[in-house]
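The values are calculated or read from the model by the stated rules, or taken from the named source; none is laboratory data. Bear in mind the structure is a predicted one, so any value in this text is a computation, not a measurement. Here Cβ is always computed from backbone atoms with ideal geometry, including for glycine, and neighbour counts include all displayed protein chains. Keep in mind that these areas ignore ligands, DNA and RNA; they rest on the heavy atoms of the full protein, side chains included. Shrake-Rupley method; radii C 1.70, N 1.55, O 1.52, S 1.80 Å.
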Amino acid sequence: MDAIFLTSKTIVPKKPPNLIEREQLARRLNAESCKRLIICRAPAGYGKTTLLNSWLSTKEEQIAWVSLDEADDNPISFWAYIVKSVANATELRNANELLHLLQLQSQNSFELFIYHFIEELSTLLPVHIVLDDYHYIQSSQVHQLFIQFVEHLPHNVHIYMATRTLPPFPLMKWLVKQWLYEIDLEQLKFTKNETRQFFLQNEQHMDDQQLNTIYKTT
């Protein structure tokens, strides 16, 4: 894994210039920040990554970021990147031992890995783990291990997921247990004030009628 590990996938992206601060969504995230898992789900271009990046940048706590792609659609790569990112962001102990368990490539070793990883995480200061572009993950084995991970997650760890599709998790169960909060397409759409701010930042001035027409159309 070390030979093909891409550090760039564990670096928090830079915030774009002329960022529109999503104050309403930031308040919702603050109110739900105790949840085990927050999912931002919408098609490409709705600002999922930017929202999480902008909101988490206001936190003084540790952030472990993983930008997923097609190559991570297997338990070894998926969890190795998470371990590496958490190790870079925190004082995670025994990262090499955790990675060794992954390399054994058996169901027993994967489940043992989840158990030990959770135990290691429980010793850390609060940490936020971001999984960007989770829609690239199709492996049922990865999904199942992730479900086990969430269901035993220590209170000091919070996970944020940006995805274009609904992941196959027991979402209703997690909602009932108050472990989950979801931000969807409707919430990610610009408000009228945010639309006005966008055009002002781009030096495009328009009256209320023009703004209303654009807002309704888009």
- Which aspartates and glutamates have a Cα less than 16 Å from the Cα of LYS9, not counting those fewer than 8 places away in the same chain? ASP69, GLU70, ASP72, ASP73, ASP132, ASP133
- Charge tally in the Cβ shell below 14 Å around LEU125, where Lys, Arg are +1 and Asp, Glu are -1, LEU125 excluded: -2
- For the range 9-104 the trypsin sites (Lys or Arg not before Pro) that pass both the DSSP coil test and the at-most-10 other-Cβ-within-10 Å test are LYS14
- Task: Determine ³J(HN,Hα), in whole Hz, for all residues of the range 123-135 in sequence, where each value follows from phi through the Karplus function 6.51 cos²θ - 1.76 cosθ + 1.60 and θ = phi - 60°; x replaces Gly and Pro.
- Result: 8, 8, 5, x, 9, 10, 10, 9, 10, 8, 6, 5, 4
- Message: Please give me, ordered by residue number, the chymotrypsin sites (Phe, Trp or Tyr not before Pro) of the range 1-80 that lie in loop per DSSP and have at most 16 other Cβ atoms within 10 Å.
- Response: PHE5
- Signed unit charges on C-beta, dipole axis of the chain, positive-most listed residue LEU180, VAL130, ASN108: LEU180
- Can you list the aspartates and glutamates whose alpha carbon sits under 15 Å from that of LYS35, skipping same-chain ones fewer than 8 residues off? GLU151, GLU182
- Message: Under 5 Å between amide hydrogens, which residues at least 5 positions from GLN62 or on another chain qualify, with H placed 1.01 Å from N in the peptide plane?
- Response: HIS128
- Message: As a test question: what accessible area, to the nearest 10 Å², does SER106 have when a 1.4 Å probe is rolled over all protein chains in place?
- Response: 50 Å²
- Env charge @ SER139, Cβ radius under 12 Å, K,R +1 / D,E -1, value -3
- Query: Is the range 34-82 rounded, prolate or oblate when judged by the Cα gyration tensor, a ≥ b ≥ c being the square roots of its eigenvalues, rounded requiring a/c under 1.5 and prolate requiring a/b larger than b/c?
  - Reply: oblate
- Message: Using helices alone, I'd like the mean residue ellipticity at 222 nm for the chain: each DSSP H run of four-plus residues gives -39500 (n - 2.57), total over residue count, nearest 500.
- Response: -13500 deg cm²/dmol
- Note on the structure: Residue-normalised value, i.e. accessible area per residue, for the chain at 1.4 Å probe, in Å², stands at 53 Å²
- Item | Electrostatic dipole magnitude of the chain [Cβ: Lys, Arg +1; Asp, Glu -1; Cα centre; debye, to 20] | 500 debye
- Charge sum, other residues only, whose C-beta stays under 15 Å from LEU104's C-beta, Lys/Arg counted +1 and Asp/Glu -1: -2
- Message: At 20 angstrom or more along the helix axis (alpha-carbon based) and mean Kyte-Doolittle of 0.5 or higher, what helices does the chain contain? Whole DSSP H runs only.
- Response: 75-89
- Message: For the range 115-190, what does the relative contact order come out to in percent, with C-alpha contacts under 8 Å and a separation of six or more?
- Response: 38 percent
- In whole percent, how big is the carbon plus sulfur part of the accessible area of the range 133-172, probe 1.4 Å, protein atoms only? 55 percent
- Task: Work out the length of the dipole vector of the range 72-123 about its Cα centre, built from +1 on the beta-carbon of each Lys and Arg and -1 on the beta-carbon of each Asp and Glu, and round it to the nearest 20 debye.
- Result: 100 debye
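Of LYS84/LYS173; LYS15/LYS173; LYS15/LYS48; LYS14/LYS48; LYS14/LYS177; LYS15/LYS189, which pairs sit farther than 24 Å apart, going by alpha carbon to alpha carbon?
In this structure, LYS84/LYS173; LYS15/LYS173; LYS14/LYS177 lie more than 24 Å apart at Cα.
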- The relative contact order of the chain, taking Cα pairs under 8 Å that sit 6 or more residues apart, comes to a percentage of 30 percent
- Message: Just want to confirm a number: the relative contact order over the range 2-67, from Cα pairs under 8 angstrom separated by 6+ residues, in percent.
- Response: 59 percent
- Item | the range 34-162 shape via C-alpha gyration tensor axes, a/c threshold 1.5 | oblate
